[in-house]
Each structure stands twice: as C-alpha cells, then as structure tokens.
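First up is the structure itself, then whatever we jot down about it.
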Amino acid sequence: MAWRDVMCGELRAADAGRRVTVAGWVDTRRDHGGLAFIDLRDHTGKIQLVLKESDAAHELRNEFVVQAEGEVVAREGGAVNPNLATGEVEIQVDELRILSRSTPLPFQLDEENVDENTRLRYRWLDMRTDRMQRNLRISHTAVAGMRRTMDDLGFVDVWTPSMTRGTPEGARDFLVPVRLQPGKFFALAQSPQLFKQLCMVGGIDRYYQIATCWRDEDLRADRQFEFRQLDLEMAFVEQPEVLDVMEAAVVGAFEAVGKTPPSRPFPQIAYDEAMLRFGSDKPDMRFGMEIQDATEITRGSEFGVFKNAACVRYIVVPKTFSRSEHERLEGFAKEWGAKGLAMLSQISKFLSEAELASFGVAEGETAFFVADTQETVEKVLGLLRLELAGELGLIPETDVFHWVVDFPLFKRDEDTGAWTFMHHPFTAPAPGTEAWDESSPEGVRGQHYDLVWNGWELGSGSIRIHDVDMQQRVFRTMGLGEDEQRDKFGFLLEALAMGAPPHGGFAMGIDRFCARLAGEPDIRQMNAFPKISSGSDPLTGAPTPYTDAALKELGIRLVEPPA
Ligand code: ASP
C-alpha cells in the first residue's frame, strides 16, 4: 500500500467523489460540533480533513504526522475557503493513522519573529515553513538552471579536492590535520582556483563546478564559512567570452525560477568611475544621488578644511536636514572613518560665489561634503549614499546587473603597506600595462571583472596569467622571493611551463545570488543548515572539543586559546 496517492495541495472541486489517501503534518486543528477539522500539510499545500470523534482524532496535535483515507467532498458555499487552493473541497476521513507524534513545539510554524537562533536550533521544524520550503526549492531550481546552461554550452563538471594547499583568495584557511602526516595540515580550498587553471593546462577547455569553498572570515549577511560558487574556467578565450557565458548562466537561472531575466549584455562600468561616482566597487546603480568631485574647485578655498584636503567630494540629497539629523549622520560618517561631515548650509559662509555656483544645489536639497584622503572620501560618501537612499525610500524595486571592469592589478595591503593583489595573484595584467616597475606597480590594470547585482557583489573573475615569466613577475612585485614562489606555487609554475593555453574564468556566489532571487536579506535563509555569527552551528553544537586521545593521534597538543 502506498503511503499516499495524492499530495495535500492538489485536490480541486473536480476531485469531489474521489477516494484518496493523503499523508502529511497536522498544521492546525479545530473542534466543532463533535467533529475535528484538521488542516493537513505537505510541501504542496494544505487540505482540510473532517474527522468524526475518535480516540485518534482526539489525540492529534500540531505537527503529528498522519495518514488519512476518505472521500473528497465539495464544501458547502459558506464553508469554501478562498484563501486555500484546495478550499473548495475537504476529505471526509474514515481511516486515520498516526504515523508519528510530536513533542510540544519550541515555536509554532506560523509564529512571527521567532528568534533566529531558535529557528536554526530546530531547523527541521523551520524547514517546514513556507519560507524555507520556498527558499530551498528556489536554490535548487536556480542551480539546476545554471547546470543546464553550462551543460548546453559544453562545460565539463570536474570535481576538485576540498583538502589541498592554501589557495590565496584573501581569507584565512581552515586547517585539517591528518593522522598519516602528523604535524602537517591540509587547507580546505578557499576556491578551486588553481585546480581549474590546471584543468586548462590539462586540455579540459571548459570546466565548471558547483564548488564548495571554505574561508575563515567573520560571518555576515552575505558570508558563511562555507558557501557554494558556480565556478568556471575556459581556455582560448578573452574577457568578453567569459562575461557572455556568465550572463547566460544568470539568465538560465532566472528563467528556471520563472523570473524575467535581466537583458543582455549587462552594462559595464570601469572601477575608477565606479569609485568616483558611487564610492564603491560594487555600486548600487538602481538610483542616482551620485558622488560629485569638488577637489579642483576647492583648491583655493577660503575654507581650510577643503583647501588642505587631498580630496573633497559631496552628494546632493533631495531633502533638508535639521541640525540633529545632521549630527546623527555625522556620527555615522565618523564611525566609517571620516573626520567630519560638512553640510553646505552650515559652511556656505566660508565659500566663494564660484564654489557655491559649481555645486548646483537647488531649493529643498542638501549637499553633504567629506574632505579627506581619496579612499576615506570614497568609502564614507559611498556608505552615506546607501544609508540615505534606504532611509528616504529612494531605491526602486528593479534588478540592475552590471560588470565592474578595469580594476587595478595591485593594491597596498592595509596592514603592511606592501603591494599585494587586488583579485588574486593569477590575474593577468591588461594588455599594454605589462611593463611595470616591480617596486611601484600603481597604474597597472588587471583583466579582472566583478559581477554586481543591486549593490551585491555576486562574484569575480579574470583572464589569467598563462606565461610563467609573467607569473613570477607578479609574485616578485608582491614580495615573494624565488624560494617562496617555488615552495607555495611550484606546481603552478611547472604547469605553466609545460604548454598552458590562454585562459580565464569566473566564480559566482550561489547563495548570494539565490538570496537575491528569493528576496531574502541574508544568505542564512537560503542555506539549510547555516552557522551563526559566533562561528558555531546551533543545531549540532559544533565545533566541539576533542578528546586528548584523538588529538594525540594527530600530534596535536592544545595551548590556551587566544583571548
Ligand atoms: N577563484 C576566484 C574566487 O573565488 C574566482 C575566479 O577568479 O575565478 O573569487
């Protein structure tokens, strides 16, 4: 006998008279005139069961799992429930079996504002909610759409190891001790970057993988220790071909979930322009309020704060602000690193007619200025623009995809001041900028591109270096001596020296992408079993201490953990 022959959400008026068996969870129960009315739920929806008084009926509680057999009957006019797809019918149950009981629940499925840690602690319950059912199914469908696209385009799914050498993607590695190699560690792959490049050297022209990546970073709305990427690499291609494939994958995923896809090709903006106009390399371009530069015009200003700053920029906001609102915003600006936030109306007495005229601020608008180093100005005005647009409701509900291109190849490390990579050390310099001075590579551009959706960075990619001398030149610029290069990347240098085709690729964060598709504010809602910001898993209680015996076998002795 089958457990069920129809799903709860499937029955309609035309099914009246059918004898059916359904199975699922008790969603709600009401008693009325000697009858029990049960809404029985599975992932397709709910159906009302009508039960006569019986011991089993009496026992039913929310989230019991039951099987019910009976006849589908049309509901009387007044009893039709227009809010339920199955609302025109109900099942008059004559056989009821309780398959599984439930202890009292830590929260009700329809309860609002359940604390997230409680939801995650009892994720198996939370997963029964419409929200989580929908999210997990959207993720599945979007990934299936991506896979279909990659398959259609001739990409080969190659599995690469999780346990490997550290791959430099800019985060800390998770380490894995190994009993057979005491004292040594694998790193969990921050990405399959070098393996996919080796696939190119190995003649797999088009590689892809739904790859899990591990990065030991602080957890945030768009970050988990482990996450999945649509990871791809292509040989004998230039930048436009890679972008084209990624756009096809994005559109494939949109179509799979039945959403109107963004039109192709996605627009492109150069990194410098993005930083100037939006103060961010992942600009939200759904609205204006762009940053304007006033550095030149304020060079000879009477206002010392402007005159002496390396960079002066402002945004014009379509609203006037009180003194206390200004103070609140200045508080944000200071938290983000600014020395202050000047409001035009308060400093206009120090400024010349020419300066005031150049700002073009109309009645009812406010200009906010930041004067500082270029990086600080970009960062603070970029964040202020987002904050104010959010507060003032200026962000429309549209989907704007675009590429950020023409990144610098190198940047200064924030802590050490040394030159380091912008993307990763395998990105090729832009043609025409290869001849840099290894001690001062500013101005060198990389063939690196990022994909941004409504201000969320979905992923990055680049055309890679396929010439061993160029790879070593980049390593040297980052301060890696010959020995360190051989030690960390010897296998890559050897491979590049044995017939490496020109190649490039991309990786897109699937959880970020799917969170956007589902309209969720953070990736935890797309992940069946995520970690919380303390870095632990509230469901299993991991991570946990291990016994001394287990550690001894690995050659590990614990010292006091750092405070
Ligand atoms: N490996 C890079 C990343 O994970 C993506 C790429 O360059 O293909 O961000």
(request) Please enumerate the residues belonging to the stretch 377-394 that are surrounded by fewer than 22 Cβ atoms within 10 Å (Cβ to Cβ), in a helix (DSSP H, G or I) and in contact (Cβ under 8 Å) with a residue 12 or more places away in the chain. (result) K379, L383, L386, E387, L388, A389
(message) Please go through the stretch 530-563 and give me each residue that is in contact with a Lys or Arg (Cβ under 6 Å, 6 or more places away or on another chain) and open to solvent by 80 Å² or more (accessible area, probe 1.4 Å), ordered by number.
(response) E553
(request) Go through (1) surrounded by 15 or more Cβ atoms within 10 Å (Cβ to Cβ); (2) more than 15 Å from the ligand (Cβ to nearest atom); (3) part of a helix (DSSP H, G or I) and name the single condition D272 misses. (result) (1)
(request) Need at least 3 residues that are within 21 Å of W453 (Cα to Cα) per element, so show me which helices (runs of 4 or more DSSP H) inside the stretch 120-232 make the cut, counting only ones lying wholly within it. (result) 130-152
(message) Please verify whether I98 is within 28 Å of the chain's Cα centre (by Cα) and among the β-branched types (V, I, T), treating the condition exactly as stated.
(response) no
(request) Scan the stretch 145-165 and report the pairs whose first residue is under 20 Å from E226 (Cα atoms) and whose second residue is of a type in the set (F, W, Y) and surrounded by fewer than 17 Cβ atoms within 10 Å (Cβ to Cβ), with Cβ atoms within less than 9 Å and a gap of 6+ or a chain change. (result) R165/F491
(message) Of all residues being in contact with a Pro (Cβ under 8 Å, 6 or more places away or on another chain) and more than 16 Å from the ligand (Cβ to nearest atom) in the stretch 210-268, which is most open to solvent (accessible area, probe 1.4 Å)? Just the residue, please.
(response) F236
(request) Identify the residue in the stretch 417-442 that is away from the ligand (no atom under 16 Å from the Cβ) and under 29 Å from V245 (Cα atoms) and, among all such residues, is most open to solvent (accessible area, probe 1.4 Å). (result) P431
(request) At least 3 residues that are away from the ligand (no atom under 16 Å from the Cβ) and surrounded by fewer than 18 Cβ atoms within 10 Å (Cβ to Cβ) in each: list the helices (runs of 4 or more DSSP H) lying fully within the stretch 447-520 that qualify. (result) 468-477, 482-496
(request) With the condition kept exactly as written, say whether any residue in the stretch 185-202 is among the aromatic types (F, W, Y), more than 24 Å from the chain's Cα centre (by Cα), more than 15 Å from the ligand (Cβ to nearest atom) and surrounded by 18 or more Cβ atoms within 10 Å (Cβ to Cβ). (result) yes
(message) From the list G24, G17, exactly one residue is surrounded by 15 or more Cβ atoms within 10 Å (Cβ to Cβ) and among the small types (G, A, S). Which is it?
(response) G24
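The values are calculated or read from the model by the stated rules, or taken from the named source; none is laboratory data. Keep in mind that what you see is a predicted model, and the values were worked out from it rather than measured. Counting neighbours? That spans all protein chains shown, and the Cβs are built from the backbone with ideal geometry, glycine included. For the accessible areas, the whole protein counts, side chains as well, though only heavy atoms, and no ligand, DNA or RNA atoms are used. Shrake-Rupley method; radii C 1.70, N 1.55, O 1.52, S 1.80 Å.
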